[in-house]
Amino acid sequence: MGKRAGVGGIAVFRPSVNATAIERGCEGETVPLLSAPSRSGLGLAATRLFLGVLPPALLVLLVVARYLTGTKLGFDYKPLWDASRHVLHGASPYPRPEALIDEHQFVYPPLAAFLFAPLAALPFAVAAPLLAVVELAATGLTLRVLGVRDWRCYGVVLLWYPVLQNFLLGSITSLLALGLAVVWRYRDSRRGAPVTLAALIAAKIFLWPLLVWLGASRRWLIGVRALGLAIAGLFLSWALIGFAGLGSYLRLLDELSRLEQWKSYSAVALGMALGLTGGESRALALAACALVLLAIVLVQRRGREDADRQAFVLAIAAAFFFSPIVWTHYLALLVVPIAITRPKLSPIWFVPLAMWASYGQSNGHFWRVALGFSIWAVVLAASLRPAWRFPAFRRRVALPSAPLRAEGAYAAHRRGG
């Protein structure tokens, strides 16, 4: 009850406005005010458990399991570590094309071996875990560079099998994702963007469609610098090893594709799983890549506000179509288009979790190839569209008008309204 001075000094008590109910003309009849809906305590606890506790626990469990079984870390990194030691002595890091057995041999351009040379000075048992830590930090930094502040996104990405496989095997895909993030954020920088993109293309040639994106967006100077730096880096790194393996390098890549493309998750693997020959599948994949490159140009010419982001996503899609081999860890690159399009948690962040159903290589099984192909195709297609609104992931906010309505109802009651 509120107290105020009345006429003739008689005290008049004014009923205070209840925060949860208001009078509606009849004594004793109350109507509850609108209150702000809040997240269920059980739902919040489940979110914290699934996206906050489970990812680091799973990471530790997988690392311990590998060491207990004698597998250890860095299976994919071992060829790169050996190659770095070879190039430091001026020797060729490449096997002969006819001696190529499987993917566990060095087939990167020589610049990659030089870039990772500092780790080669360490024993492999030390270098592999150190690279794993670097890969893990690169994943978090990729999200940070792209402006993702929702902690749940960090948690769900650490549950992606492609990201975990990249961490355990010592592939460099997480570093490539960080490079893509830097190129996007600093796309107008005439220093940072060309150097970063040149390193990406020199390490993984299938990322060259990003040059088309730069050209279509009229960043000609940045694109030319990136291409020039990439060529210079490749030439210099090959010169340092006496151009060893240069003459047979394209044949080496062709032989690798012939041996491995059928058991990956590429468009070529999908065609072969459908019964096409390797040549026919490769032709269709290149045709799809060409169409996507054309779409980059058309999107930029339309000049809409979101054209630059869409063209960048299309460039990543063209790279996926161009590569005859798409291993599981390649899908770790999908964090970039998702983060650019939807920096807050939405269902698309959970799509790559489906790769747990087909972990490892596809081995040519149609359903596994189709699953892996569908995941990266669906994510890239969805990333082309503006951010959708999903009520299930939206926070409910308080209604500030409730107290004002209470005051208005009380005033009307005092006036007899």
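The values are calculated or read from the model by the stated rules, or taken from the named source; none is laboratory data. Since the structure is predicted, the reported quantities are computational estimates derived from the model, not experimental observations. Neighbour counts run over all protein chains shown; Cβ positions are idealised from the backbone, glycine included. Side chains included, ligands, DNA and RNA excluded: accessible areas come from the protein's heavy atoms. Shrake-Rupley method; radii C 1.70, N 1.55, O 1.52, S 1.80 Å.
Restricting attention to segment 332-376, which residues are part of a helix (DSSP H, G or I), open to solvent by 10 Å² or more (accessible area, probe 1.4 Å) and small (Gly, Ala, Ser)?
354, 357, 370, 374
Considering only residues of segment 284-311 that are open to solvent by 60 Å² or more (accessible area, probe 1.4 Å) and in a helix (DSSP H, G or I), which is farthest from residue 340 (Cα to Cα)?
Here the answer is 284.
Of the conditions (1) farther than 23 Å from residue 80 by Cα; (2) without any contact (Cβ under 8 Å) to a residue 40 or more places away in the chain, residue 181 satisfies every one except a single condition; which number is it?
Result: residue 181 fails condition (2) only.
Count, please, the residues in segment 60-114 that happen to be modelled with pLDDT of 90 or more and polar (S, T, N, Q).
1
Which residues, taken from segment 141-160, are among the hydroxyl-bearing types (Ser, Thr, Tyr) and either under 23 Å from residue 200 (Cα atoms) or open to solvent by less than 20 Å² (accessible area, probe 1.4 Å) (or both)?
The answer is 142, and nothing else.
Across segment 228-255, what is the total count of residues that are closer than 30 Å to residue 369 by Cα and either buried (at least 19 other Cβ atoms within 10 Å of the Cβ) or charged (D, E, K, R) (or both)?
Of the residues in segment 228-255, 4 are closer than 30 Å to residue 369 by Cα and either buried (at least 19 other Cβ atoms within 10 Å of the Cβ) or charged (D, E, K, R) (or both).
Give the number of residues within segment 188-211 that are at pLDDT 95 or above and not in a helix (DSSP H, G or I).
1
Do we find that residue 244 is hydrophobic (A, V, I, L, M, F, W, C) and either closer than 23 Å to residue 383 by Cα or assigned to a helix (DSSP H, G or I) (or both) in this structure?
Criteria not met by residue 244.
Note down all Cβ pairs under 8 Å where the first residue falls in segment 263-276 and is among the charged types (D, E, K, R), the second is open to solvent by less than 10 Å² (accessible area, probe 1.4 Å), and they're at least six residues apart or on different chains.
Partner pairs satisfying both residue conditions: 263/269; 263/362.
Please work out which residue is most open to solvent (accessible area, probe 1.4 Å), limiting yourself to segment 161-179 and to residues that are in a helix (DSSP H, G or I), within 15 Å of residue 75 (Cα to Cα) and of a type in the set (S, T, N, Q).
Among those that are in a helix (DSSP H, G or I), within 15 Å of residue 75 (Cα to Cα) and of a type in the set (S, T, N, Q), it is 165.
Can you run down the residue pairs with Cβ atoms below 7 Å, 6 or more apart or on separate chains, where the first is in segment 126-154 and on the phi > 0 side of the Ramachandran plot and the partner is surrounded by fewer than 22 Cβ atoms within 10 Å (Cβ to Cβ)?
Listed pairs, sorted by first residue: 147/343.
Within the set of pairs 6 or more residues apart or between chains, which connect a residue that is under 14 Å from residue 295 (Cα atoms) inside segment 194-218 to a residue that is of a type in the set (Asp, Glu) with Cβ atoms less than 6 Å apart?
Within 6 Å, the pairs are 217/308.
Being surrounded by 22 or more Cβ atoms within 10 Å (Cβ to Cβ) and not hydrophobic (A, V, I, L, M, F, W, C) is the filter here, so list the residues in segment 124-140 that pass it.
Passing the criteria: 135, 139.
Find the residue count for segment 70-103, including only residues that are of a type in the set (Val, Ile, Thr) and either over 18 Å from residue 124 (Cβ atoms) or part of a helix (DSSP H, G or I) (or both).
Summing the residues that are of a type in the set (Val, Ile, Thr) and either over 18 Å from residue 124 (Cβ atoms) or part of a helix (DSSP H, G or I) (or both) in segment 70-103 gives 2.
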